[in-house]
Each structure stands twice: as structure tokens, then as C-alpha cells.
Number of protein chains: 4
Amino acid sequence: MKKKIAILGASGYTGAELVRLIATHPHMQIVALSGDRKAGMAMAEVFPFLRHLDLPKLCKIDEIDFSRVDLAFCALPHATSQAVIRELPRDLRVVDLSADFRLRDVAEYQKWYGQPHAAPELQAEAVYGLTEFYRDDIRAARLVAGTGCNAATGQFALRPLIEAGCIDLDDILIDLKAGVSGAGRSLKENLLHAELSEGTHAYSAGGKHRHLGEFDQEFSKIAGRPVLVQFTPHLSPMNRGILASVYVKGEAQTVWAALESRYALEPFIEVLPFGALPSTRDIRGSNYCHIGVVGDRIPGRTLVVAVLDNLTKGSSGQAIQNANLMLGLEETDGLMLAPVFP
Amino acid sequence: MKKKIAILGASGYTGAELVRLIATHPHMQIVALSGDRKAGMAMAEVFPFLRHLDLPKLCKIDEIDFSRVDLAFCALPHATSQAVIRELPRDLRVVDLSADFRLRDVAEYQKWYGQPHAAPELQAEAVYGLTEFYRDDIRAARLVAGTGCNAATGQFALRPLIEAGCIDLDDILIDLKAGVSGAGRSLKENLLHAELSEGTHAYSAGGKHRHLGEFDQEFSKIAGRPVLVQFTPHLSPMNRGILASVYVKGEAQTVWAALESRYALEPFIEVLPFGALPSTRDIRGSNYCHIGVVGDRIPGRTLVVAVLDNLTKGSSGQAIQNANLMLGLEETDGLMLAPVFP
Amino acid sequence: MKKKIAILGASGYTGAELVRLIATHPHMQIVALSGDRKAGMAMAEVFPFLRHLDLPKLCKIDEIDFSRVDLAFCALPHATSQAVIRELPRDLRVVDLSADFRLRDVAEYQKWYGQPHAAPELQAEAVYGLTEFYRDDIRAARLVAGTGCNAATGQFALRPLIEAGCIDLDDILIDLKAGVSGAGRSLKENLLHAELSEGTHAYSAGGKHRHLGEFDQEFSKIAGRPVLVQFTPHLSPMNRGILASVYVKGEAQTVWAALESRYALEPFIEVLPFGALPSTRDIRGSNYCHIGVVGDRIPGRTLVVAVLDNLTKGSSGQAIQNANLMLGLEETDGLMLAPVFP
Amino acid sequence: MKKKIAILGASGYTGAELVRLIATHPHMQIVALSGDRKAGMAMAEVFPFLRHLDLPKLCKIDEIDFSRVDLAFCALPHATSQAVIRELPRDLRVVDLSADFRLRDVAEYQKWYGQPHAAPELQAEAVYGLTEFYRDDIRAARLVAGTGCNAATGQFALRPLIEAGCIDLDDILIDLKAGVSGAGRSLKENLLHAELSEGTHAYSAGGKHRHLGEFDQEFSKIAGRPVLVQFTPHLSPMNRGILASVYVKGEAQTVWAALESRYALEPFIEVLPFGALPSTRDIRGSNYCHIGVVGDRIPGRTLVVAVLDNLTKGSSGQAIQNANLMLGLEETDGLMLAPVFP
């Protein structure tokens, strides 16, 4: 029998991506979709690309009977998520795609998100959702906090290197190129086609991007000492995809070997042959992450490039991967879709 | 047990799209991939987006043992296809994606393709591959000729109207906007990103596009009299997708009703509510075709708009749909992937 | 001495395009820029691409001393324009880029724009701004109404044919592909990069687009009888450019000859050799319009394709062309910029 | 009287960009255009966007009468350029846009370009064409070597900082995002729209890009000691534009002040207010370079971002700027075109 799924906040891009993926998931079935401002509308009106599917109408959250729901994905905006999840039944499995439960220290949450945490007692039970590194915890978790999409990309490149102790922890630099869907369906001038296409620019530069909170938390935990990285995201004129160019001080072959051995058995992480570098065009629409390594002409300096689709592996695909574990399904169920190229 | 599939010409876009779709097909397994100039290479080298798959290396066609193949897809260039298929075992099921077997009258083939047909005896047994209209013939066929992608789009909009006799047969106009992947992986200046992005232009205008051969053949057959349409394709700065704006003289509600009733049970054809028009963004990467109808302010004139993904429903998805029928599988097997948006 | 120019509504795309063009105009100087909601800001804040220019700050309209202004461009939204122009000094030369004074019959205005005309007495003195066809009237005018960008493109293709009487007036069809900057800097979901790029769709189909008011008015006037055309605009994933595919019943060579002779001396209209068709990539950023003609395989049917840049020849370039005439300057002053390719 | 200009290699993008800019240059006139494989063709056939101009036909180089030429731009491929320029009259002013005369040390040329220099005696007289830093030498030069477009962008960000001695010379990192027109009109699969749009990837990574030869030469010369930088270019799905994210160790305010004071009087270099960062959309089609500076959260680390249009300021605009100096014209003649936005 299929697992019954509710999606809270189904009118945004990550909500729609969850529906897209579940549409061909063998063991999940959508029983409720919420969308506050669009309650009462059919999904086909909000997202015509889903019109071939037989889906419940969008409703308000309090109209959902959670007693018949096995797991809820929460694809609501930051801050709203905390308030909503706090009111859900305490035995309901939840995968949250917002930033609300990513930072274990609620003081860090307040620092990066500018307001006090509204559900510190739930924070205590939340598991950080980077599947490849928290698999056992996630399997046992009730509440999983999906990672930031940029944060996931950077961590896939760096965690094995920090674990292996093969790079200088005081000189790590992440220059990231992100597709525009990461900004969501928000109406801003700089997201208009006329302004974004044919242009690129840095944003939240200088150590201001909120995903730094996740980098700080995770890298420091692994290293057992504070680790601060430099991180500059750039908006690139493409819809899906993140490419992180990660500059480290460490020997290139050692770096490559650390990644290669760490990910050898991972179903969704592909480490390219030494010297080959990945492209975002090769992971679009899929749950795969490609990683490449090349040494610099300056000895001891190495470039690691990681790519993934921000909406899939960086968000909704990761969420389903975690939900599969929480529900006792195969981790890869519904996620083996090949990338779409060209 | 899975059906054993060979793909001849796997180094082009339609070949790669076949691999993408078969990757999650429950009852097909790829046992051979040919690519003449790239024989010996791994698919991951030619198409890095497929690197997570365990695939046979590219080989030459004559290296394939067809006795262990249940069905071959032929994704070779026009003219090459005839020569290759002629040499294949006569009991091998073949779905050809080229133009070589689309036109029943070999004189018409010579007229549109500029050279004599090389396998007229095979032409006699070939079935035209527009699944929704040749389903029974295809089920029984050994050799199926995939349609042109533009030809498919126009026919989905027009066939039911000609069948129903509700439009003027002497005044049909198809203005079509096509994504660039339809031109294949060919190296031409006007397909370069720098030249195509941010630009649009008509091509093969004035009744010169070869897919007119298919329109002439099919529409005249349905009508029982010669039907000549006007057809202008335009290249649009997008990768996947065809939008056909079809202008007819006929009453709009009648036109919509004819489409609605004809496609009510079709799994891949969605007729939108009267007055709503489709967009290519809503079918990208999928086997779905969306059709909309709107009446003009001038009474008796109607616009029908049909959209599909040229590489999927217009080519490789259609090919698999046909192969499913030929192999006794469910017609929709492996093809229910939702479109990718945004 | 340079002519003193005010731009009302300088914070939108057409306002910014006026500034771009005047930046290298030999005989115009900007003395005032208004932008209601952005009054007090520097243009470099609103449009960083103009930061190299020494420009007045954005102000409110009532802060402008019009006694020292030779000509005002009014780039305000429809309806606002009427209200503003009504309050300007009655001897001030004005080029309006909105739709407010395009339709001579105020009943037609009400029909297409859904509200009564607010300044019918000014409408009486307004001259329709299609320079190539109203040159003498424009030279003598005080108030010129810039045309719609789609309306201009269609008229360049069709006016000489209606004048020459060489096409069937009852069967004219304009299928138009428009870049997204034509929609202005408005915040709508379907103008977001993530939704528009890689997609195309028809809008205002079925005879609902407001530029039909201009087609009706102008074509009927030339023909001396009512002429109604079919017109479907499509949004295309490019920023600048309009391509109008105009289908007529008439002999192709005659059609070409009518266009060729009509535009032989025009500085901005290029008629291509018979059989060649234009592309939007070849006029981007310029005041040029390219027109091509090809005959259909069905005798007596002809395709005319016209392209121009909606922001330049379709709007702000046309406005400056008209202003040049009104101010006694050379018509081509400041407008000979070559297109930007690639 | 206008200066008579020849363009050798006018059938590529940089050649076409020279024609575009000279079209509105007040003191230059094109008298000859060469294009070996396209000799005999009109420019309008090769580049329809130039069809409004009255231009000489493309010819072979040996058909040009250089006695009536004041200056030749050489927009030929690397290596070809050396061979051609060697045969030109020794008193002819030449601006070379290729890489052939950029490296003063011919051993460095051989190292980076893989073949011996064919005209070392000419190399001795060549002046490096970064106008803002070699103005006096260029004014007096007969042969000027245009810089690499990436090399120009990086140098605009870094030269004043090395001159001022305010950054660590052993830890400079340039992560660069480049539009596709920089690759020229070359027919390669990864430059096709279908493959490049919606994708981004690094290339020539790990210290292999040839423009490193220029960085090494220039930075070491300024510093008076060897300076090696890290440099990773990425191809971005846009046509024009380069954005260089330059990471340095130095105090942010000091870095900003060094740039601000160095460029205060430069007509084409705009240093943004401290903390503001530039975008490629704001310099497209123009000769302007925008530079911004932001400090990192880690004290002593600073990000400098520089943007320019690779075809204009990075190549053909720079070439005209240099030619203006060599011909005794105003440096800014013909180059004040505002960027094209959107």
C-alpha cells in the first residue's frame, strides 16, 4: 500500500517539484496539498505542467486530516514553517524544506535569520537532512530539516576533505553560480527575464549569505574547531543548477582520492575521473551530484567543482530521499530519473 | 524478463533521449548502442549526463548480435537509415526515428528528400508511427516509421478536425515555433548560442519544409481529396518544445468539441478548457501534448494551439510508445514522467 | 545649442531607452527626468547601466520647470499619460509613448482600453506617430502619439500592400513573436526568467490584443473601407525584438515590389532581396526594420516577415525620430547606431 | 578628413564588432575588409545586421592597397596574425586583436601557445594594449597588441592594488564568468545553444588558460618580482560579458580607495560605491568597465568584482580606443555608446 503524503506549501517551486517527483514514485501517493492564498484552486491552474495528474485541490492546512497522513513535506517560507510545524500532530513524520530547523543552536538561527526561533523544543529533535552524512539519524527521525541548496553543494565538495584532514581549514573559498529557480517564485525586478537573462552578478557577498550558518555549523563540527569559509554566490542566467567552484589548499590527488573513496558507494554522487570537471547541464532535473577535481599550476592548491540541481538534489529530491528512509522505503525509490539534456 | 533493446545512432540527441527514457523504463533493457564515429567510447564520454548509468560501450552496427535483440531503435540520419535497416534481420522489430519510411509513396519521398528511395520493398511494410491514430497497425507492425516532430504537432491539432469535417480544407495555416534541439547536434553557425539566443527567424518558409510531405499524405488520406496546408516553422531561442499555432476556418466551439471528444481517453493528449491556450514550458521533458482552442473576433475563424516536446512526444517518447505496443507492453510504460518546470 | 529634453516616466524600460539613445544624440540634452515613486533617486540607482552619464535626479513632474524645456517625452503608463499631458503647458511639444492618443475616435479608445478618454480635446490635435507614413503631419505637430510596438511592425509589412491594392483585404493574418521587454518592468510570474526562458506561448489571442485598435483604424483608413485582420501575439524567450509573420493572399513578386519601391528611400527600413527572410538578432538595439517576402507553394499566397526592436524602432527610437522632425533636426540624428550582434 | 581604416579578418565576431563601432565613429571610415574564405561576399551576407551600411566587399588581404590606409585592425586567429602582419608595410599602423604580440618574451609565447614566435623582431616594437596603463606608449606606437578579454578584466581589478602594495601577492584568485561570444564563431558542440544555454562549466582550469601568460607578465612587472595568480574561467549562458570575481587578501576599504583614486579620471572605468557590486547586464554592448569592492566577514579578505563586455572593452572597443590614440584623435571618439539594457 502506498504511503500517504501531504505537501504543505504546494504552490511554490519546491512544492511543485515534490509533486513532479512523487508523480512517478512507486510507493507514495499525494493525499493533501495546501496553498494558503490559492486554497480552492486546482493544481492545474497554479501549475499547468501538472494537469495530467489526478491531484487533490489546494486547501488550507487546517482542512487536512493528518490522521490519514504518513508523512508531510513542509515547503513553506522560512519562519512560517516553524509556526505551522509546531501545530502539527507530534507523531507526524515531517520533512521541512525551509531553513527553520537547520541550525542546531537557536542563537545561530537568530543571528542569521534576524528573529528568535519560535519552536526551540522542536529544534532539539530535528535532524539535519544531508542524507549521505546523516543517514542513520534520518532513518530514525520524526522531523528532518532539509539543507540549503547552496549549503548542500558546498558540503558535498568539502565534508570528505575536512574529515580526511587533507586541506587547510583556514583558507577555504566557495565561489558559487546558482540558477534562478533557487530564488523561488518571488516577484522581483532582478528575477525578470529581461533583466536576468544575459546577465550575471554576485549577491549576498562578503559573508552575508544565510547558508553560511550551515557551513559554519557542519564544518566546525567535523573539524572539532571553528571553521569559517569564504562564500560568494552569483546568480547565473539559467533556471536550474548550482555549480560550486571550491578552492582549497591541499594536494589535488589526495583531495580527489578522499572524495572518490567517500562516495564510491553513494547512488547519487558521481566523482569524475581526476582532472575532469562537471557541468550543470548534466544534472538538470535529476537527483545526481557530479564532482570533479583539478590541481592548480601552483603546487598545493586544488579546485573542486560540484554541481547539482537546486530544486532536486538541493531541495525536493533530497527531501524525498530522506522521506524514503523515514518511511522504510528504498532510499532511491522514485529518484532514479535521468537528467534532462539538452 | 526485460525486453532487450538496441539503439542504432546513440550519439545524437534523439538517441540520448531514448537512453534517458529507457533508464527508468520498467520492462526495457539496453543491450547495444551504436555510434559509428564514436565506436569504442563510453556513453559517459559522449553524454556526461548519462554517466550514472551502466551502459554498453558505443560500437559499430555490425558488431551487434541481433539474435539477442527484441527491438532496435534506429536514430540515424535520413538516408543512412534506409541503408542500415535494409541489412538488418527481416524478423527484427524496428522503430525508425528518421524520415526514411514516413512517406508511403516513394515518389513523394524522392520529391521531398531529393533522392530515390533505397528500400521501396521495406517501405511497403512500414507503418506510420503516429500512435494515437495508427495504434492497431503499430501493434502488429515489424517496422514503424516515427513521424516528424513538427508533423506530429500539426497533426494532433488538425486530424480530428479534418475527420469531423468541421473546417475549410482549403485554408489551413500552421505557424510553428520550434526549439533548437530539433536541429540535432549539428555544427552550424545559426545554432550557436551566441547567434540563436535572443533571436528568432523563419526557415524553410514558403512550402519547402519536408514535413509537408507528411501533412499532404495524411490530411489528404483522411479527407479523401488533396489537402495542401501552408506551413512556416520558426526557430525559437529555447532548447525543447514546439508550439504550433494552427489557423482554421471553422466554428471555434465545434472545433474544440471535436478535439475534446477525440482525445478524451488518450493518456498523453490534454485538451485544455475552451479559451485556454498552452505553453511549451508545461510539457518540457515529457510525453504530453497540450492543445487549446480560441475563437477569433472574426466569426468562423479559429486558432488551435498545440505544444509538445520535440525530443520526447515528437520523437523518442513516441518511439518508445510505439515500441511498447509492438512488444506487447503497456503503451504508457516508462513514459509517465511529469514535465520539468521551471 | 542643444534642444532641452524632459522625460516623464524615466524609470521604465522605454524611459531608460530614451536616455540611452539621447546619450549619444548630437543635438539633444536631458534637463529633467521624472519618476514618481522613485523621485529623489539618481538614475544610476534605478538603472546602473546609465551610471557613466551625468543626469539630473529623478523628480516629480510638478517640480519640472517646463518653460526651459523644448520637448517632453511622456513614457508613462496608459491612462496616466492623458491625465499628465492635459496639465502640461499647451505650447509644449510632446511625444507620448503610451496608447492614450493613438486612436482618433475616442469611442474606439473606450472600446479597447475599457474607460472613457480623459482628454478628447487633445486627441483632436494628436498626430499618429508612424514616422514613415505621417512625416509631414509630425513635422508640424505639437502632440505626437507613438504607435504600439506590435502595431508598428504589422503596419510596416502591410501598409504598402493595402495602398497598392495587391492583397485580399478580407484574409490578412499576423502571427507575431515578441520579446519580453515589451511587457515592461512589470512584476508578473510569467515574466520571471524561470518561467519564461525556455518557453513560448500565445497571449491576448482571438482578437483581444489592444493594438488591433490601431490596425483597424489605419488599415481601414488606407483602404477606404473596414479592414479587420487576425492577430495573435506570442511571447518568446528573448528580451528585445518583434518578428511578425504576415500571411496575405496576393502574388509574392508583386507584394515584394510594392514594399521595395515604397521603402527604397527610407533610412531605417531595409527590404531584403526577394526570398530572403529577416531575423530579430539582426536589428537588436537599433532603429532598423528588416522586411522579407517569400511566396508559398500555393499560388497566390505570400508570407511577409518584418522584424524590429520593440524598445527602439517600436517605441523610444521612433519617439526620437518624431522628435527630431518636430524640433527641425535631421530625422536620423542620434539614431544611426548599428544593431548589437551577437 | 576621415581616417582610412582596413579590417583584416572581418568575418569573425571581433571584426564585426569593429564595423559596428566604426559605423558611428565620427573620424573613421572603412576602406577595406578582408575575409579569406568569404572573399567576394558582401558583409550583409556574412552579417545581415550590418546590411544598412555601405561597406566594401570582403576581399583577400593581398588585394588591399595599403598605401591608402591609415590604420589596419587585424582580427585574425592567433598565429595567422603574425604571418600576416609580418608582410604588411612597415610604416602601417596596426592594432592586432590576436594573442600574437601580447607577450614580450617570445619564450613565454612559445610556452603558452605551443609554437615558436614567427616574428620576434616585430614583437620587440609591439606595445601592450591595455589603454589605461600604456596610454603614452600606445600614442607613439606603430604596432599595438590588444589584450586578452579575460586578461583585461582581471588587470582592471588588480593592477592598482599591486601598484599600491595593498594586497598579498601570493594569494590572488580570479574566478571568472565569461559569455560565449568570447569563444568566437567556432563550430563546437559545447557552444551550441542546446548545450550551452541553461548550463555552466569551468574550462582551462588549473592554471592552463593562456591569458595567464599576460597576468604573469604584467603583475610581475608591476610588483618587481614573480607573481602567480590562480585563475579559473567559467562559460556562462550569456552572449556578451565577463564578470571577474577577484579574491584578495588586503583591507577592503584600502582596496576600494586604491581603485577609486586610480580610476577617478578614466572615462571608461566606473568604480561603484564601497559595498556595491556590478553586473554584466549593465555594460553590454559598451566600452565601460564597472568595478565593485566588498569586504568579507573574515577580516583582511576582500572581494573585487569587475565586469566588461568581452567584445567591446575586452577587444574591439579597446582596439578603437588605442587606434584613436595612435591616429591623434580623441581617445573616446566613437566609444561613448551607452550599454544596451535590457
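Every number here is computed from the coordinates shown, using simple stated rules; none is lab data. Quick caveat, the model's predicted, so the values are computed rather than measured. Backbone-built Cβ (ideal geometry, glycine too); neighbour counts: all protein chains shown.
Observations on the structure shown:
- The value obtained for the stretch D:1-91, namely the Cα convex hull volume divided by the number of residues, is 90 Å³ per residue.
- Using Cβ point charges alone (K and R +1, D and E -1), the dipole size of the stretch A:1-143 about the Cα centre works out to roughly 340 debye.
- Alpha-carbon centroid distance for the pair the stretch D:1-41 / the stretch D:83-148, whole angstrom: 20 Å
- A:LEU212 sits among other residues whose Cβ lies under 12 Å from its own Cβ, and their net charge, with Lys and Arg +1 and Asp and Glu -1, is 0.
- The local environment of B:ALA264, defined by Cβ-Cβ distances under 14 Å, has a net charge of -3 under the rule Lys, Arg +1 and Asp, Glu -1.
- Axis-proximal residue, chain A, for the rotation superposing A on D (Cβ, Å): A:ASP175, 2
- Rounded to the nearest 20, the Cβ-based charge dipole of chain A about its Cα centre (Lys and Arg +1, Asp and Glu -1) stands at 540 debye.
- Rounded to 5, percent antiparallel among DSSP beta bridges of the stretch B:150-310: 70 percent
- Reducing the stretch A:190-237 and the stretch B:258-295 to their Cα centroids gives an inter-centroid distance of 41 Å.
- Candidates A:ILE167, A:ILE283, A:ILE298: whichever shows maximal mean-square fluctuation once chain A is modelled as a Gaussian network with Cα springs under 10 Å: A:ILE298
- Based on the reciprocal of the average 1/r between different C-alpha atoms, the Kirkwood radius for the protein assembly as shown equals 32.8 Å.
- Residues D:GLU125 and D:MET41, FRET efficiency given R0 of 30 Å [Cβ-Cβ distance, rounded to 0.05]: 0.30
- The protein assembly as shown - share of DSSP beta bridges that are antiparallel (%, nearest 5): 45 percent
- The stretch A:1-152: Lys pairs at Cα distance under 18 angstrom, eight or more positions apart or on different chains: 4
- Likely footprinting exposure, A:HIS78, B:HIS234, C:HIS290, fewest C-beta neighbours within 10 Å first: A:HIS78, B:HIS234, C:HIS290
- Top of B:ALA157, B:ALA194, B:ALA205 by mean-square fluctuation, Gaussian network on chain B, Cα under 10 Å: B:ALA194
- Only DSSP H runs of four or more residues enter the estimate; each adds -39500 (n - 2.57), and after division by the residues of the protein assembly as shown the mean residue ellipticity at 222 nm equals -8000 deg cm²/dmol.
- Fraction of antiparallel bridges per DSSP, chain B only, in percent to nearest 5: 40 percent
- Computed about its Cα centre, the charge dipole of the stretch C:150-309 is approximately 240 debye, with only Lys, Arg, Asp and Glu carrying charge at their Cβ.
- Ranked C:MET326, C:MET336, C:MET1, criterion: other C-beta atoms within 10 Å, fewest first: C:MET1, C:MET336, C:MET326
- Charge dipole (the stretch C:179-249, unit charges on Cβ, about Cα centre) - positive-most of C:GLY213, C:HIS201, C:GLY184: C:GLY213
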